1. Give me the one-decimal nm value for the distance between modelled label points at B:Glu220 and B:Ala150, 7 Å along each residue's Cα-to-Cβ direction.
2. How large, in percent, is the carbon and sulfur part of the accessible surface of chain B at a probe radius of 1.4 Å?
3. Give the accessible surface of the protein assembly as shown per residue, rounded to a whole number of Å², with probe radius 1.4 Å and ligands, DNA and RNA excluded.
4. For the range B:1-27, which residues drop by 40 square angstrom or more in accessible area between the chain on its own and all protein chains together (1.4 Å probe)?
5. Might you report the magnitude of the Cβ-based charge dipole of the range B:5-283 about its Cα centre, with Lys and Arg at +1 and Asp and Glu at -1, to the nearest 20 debye?
6. With every atom except the alpha carbons ignored, what do you get for Rg and Dmax of the range B:5-283, in angstroms?
7. Sort A:282-289, B:60-67 by packing, meaning the average of other beta carbons within 10 Å per residue, with the highest value first.
8. What is the diffusion coefficient of the protein assembly as shown in µm²/s, taking the Kirkwood radius over Cα pairs and the Stokes-Einstein relation at 37 °C with a viscosity of 0.692 mPa s?
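The values are calculated or read from the model by the stated rules, or taken from the named source; none is laboratory data. This one's a predicted model, so the numbers in the text were calculated from it and none came from an experiment. All Cβ positions, glycine included, derive from the backbone under ideal geometry; neighbour counts span all protein chains shown. We work out accessible area using only protein heavy atoms, side chains counted, and drop any ligands, DNA or RNA first. Shrake-Rupley method; radii C 1.70, N 1.55, O 1.52, S 1.80 Å.
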Amino acid sequence: MTVAYKHIEVSPVAGALGAEVAGVDLTESLGNEVFSELHDAFMEHLVLFFRGQDITPAQHIAFARRFGEIDPNPFVRPLELETLPDHPEVLNVVKEASDRSMNFGGLWHHDVSHRERPNLGSVLLAREAPAAGGDTMWANQYLAYNTLSDGLKKTLGGMKAVHSTIRDLNDDQLAANYGVKKESVNFASVRRAEDKSEKVEHVHPVIRTHPETGRKCLFVNRSFTQRFDGWTREESLPLLDYLWAHGARPEFTVRWRWQAGDAALWDNRCVLHNAINDYAGQRRVMNRVAIHGDRPY
Amino acid sequence: MTVLDIRPVAGAIGAEIAGLDLSADLDGETVESLRVAFRDHLVLFIRDQDLSPARHSAFAALFGEVDREPFVYPLVMPHAEGHPEVLRVVKEAGDGGINFGGLWHYDVTYRERPHLASVIHAREVPPAGGDTMWANQYLAYETLSEGMKALLGRLRAIHSNALTYGGDEARYAPTSKAKTGERAAPPTERIETAHPVLRSHPESGRKALFVNQVFTERFEGMTLEESKPLLDFLWDHAVRPEFTCRWHWRAGDVAVWDNRCTQHFALNDYYGRRREVHRVAIHGERPV
């Protein structure tokens, strides 16, 4: 199904979310009418894909900037992640062909939900992609909320959850959380920061209202959500386990197979994502720019 | 041997075979190459095939003995005219609402001899939605700890048609709700079979994890409650995204999967759209 827009062409790629956008050249600055249509498509489809975008880091940043303020340091302090030399706000996510790890610690997550203001979204650009493997999946959390029973919706509606960095994750999971190889994480430093209670921790509503659409969505994730506010972790885990599994049901998801030059924009307020590490022995290079969000309510 | 044009579609499982025409008989060397590709990639995809039910059935027969039962209990399904072995899996555009009851599964594992493979031919598919996912169960086995491998190596599991976990919604998720009254087969006795939790693939010799959430009830000799914690872990582990591929169907696509070492999941995310695929199943061996 292709929805008719005046300036762009929008084709859904799955039933639940995700659409490919044609008719946009990200090397050029977008006019207000084109941007307005893109924004509408973004609100409707939650993840937008753009093929064949051979853009510079500056153009990458400029495109992301249209959707909000750039987050120059989207990661937890102790993590030492590679950025582009002249563009510290562009994360350079590289997995080398020599890295044979079959690291299956990838988790479904919202980015940086341990912060007071988690990211609004990100723009991810494929520079070099394996011939097969290295796909990314996203899951629609409006649907996750809508398909809960009325009883559970009501129960969760009054609850908050504690989101925090890195606790209870092993090294594989920690690295996978950030889509990076283990070698680029200074684990000693990370763990030391934890010991000193320097971790970043914030409380967010379990059901959040999207500030632009006004729709409700489920806002917990396996990487950062530790427990319900006022509950112990042991008390929280059974219900969290259910919500984590429910939030990533296949029917709520889309899966994208990358080609070099593909760009993806996702709404981190209402989608989870999971980077699939199934391409041992192949090189993969992705650039990523993150956009500041607001405080969930 | 014929060199096939093989294009993997994900890291763990699945490959597209280009340049084949299944409407005519394949020569012996091509068939042999296909079998090797099937063994290596577990799921094969062949695009743009204009197949009659007879040709569909003939292609499937290359992989083994075709299952000619008119239905797969507990489903009653329509079939192609004159071809009871070619099941028509239909979901009508009018079938409403969000139905997210789907579960990952192997087909008919309550049988003593579960299917070896199935061959799907897509006839009518939505432009977006209705994808199918498969998960590599060799990898599911190989990534377990040594302790867990040893433990599971000693266990058998009870599989039954009682739909203990998913219920009807799971089994029927990708099929039409239009004929609710006719979907279930006439009441039949409970069928129950024990299979090893780890099975050895008769051709590759590799071990695969062989439990699934639709038909596996419990470990042999244990209660449901005792079995559940470990089964819960295995169900999650078996379908980690890193073990999977996902196929977006176009009309004319053919897919054949190995039901001895892969689980699959048909996504029901295409509300208001009609989907019809045809399916032929191949009889398998008793799992060992």
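1. 2.2
2. Its accessible area is 51 percent carbon and sulfur atoms.
3. Accessible area per residue: 39 Å².
4. Flagged in the range B:1-27: B:Val9, B:Gly11.
5. Charge dipole of the range B:5-283: 420 debye, to the nearest 20.
6. Expressed in Å, the Cα Rg and Dmax of the range B:5-283 come to 18.1, 53.
7. A:282-289, B:60-67
8. Translational diffusion coefficient: 131 µm²/s.
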